[in-house]
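None of the figures in this text is laboratory data; all of them are computed from the coordinates on show. Source: prediction; values computed, not measured. Don't worry about glycine lacking a Cβ; one is built from the backbone with ideal geometry, like all the others, and counts go over all protein chains shown.
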């Protein structure tokens, strides 16, 4: 097993990146991305689930990071969803 310490961002980052890509807010080199709000919601829900399960074991800085990332993702999701609705009209 690796000696490297696992940081909270090691847990958060894959879901964060996937959510942003599913909302077409970032491009992942070599991967074709499309707007997929259902998958973005799923990634955000997984992060929330992980946060709730880990919350008692997180220090104050880790909680802050988790809460900020979740807040950013939820805000971005609402922005993208509203923009998509306007474009559909």
Between the alpha carbon centres of segment 5-68 and segment 70-89 the gap in Å comes to 17 Å
Nearest 10, in degrees from 0 to 90: the angle of helix 37-54 to the longest Cα principal axis of the chain is 20 degrees
Restricting to Cα pairs under 8 Å and 6 or more apart, the percent relative contact order of segment 1-80 works out to 30 percent
Here the gain from full extension of residue 39 to residue 81, 0.36 nm per residue of separation minus their alpha-carbon distance, amounts to 13.8 nm
Between (i) 19.7; (ii) 13.5; (iii) 14.2, the structure-derived Kirkwood radius over Cα pairs in Å is (iii)
1/(1 + (r/R0)^6) with r = Cβ-Cβ of residue 9 and residue 60, R0 = 22 Å, i.e. FRET efficiency to nearest 0.05, evaluates to 0.90
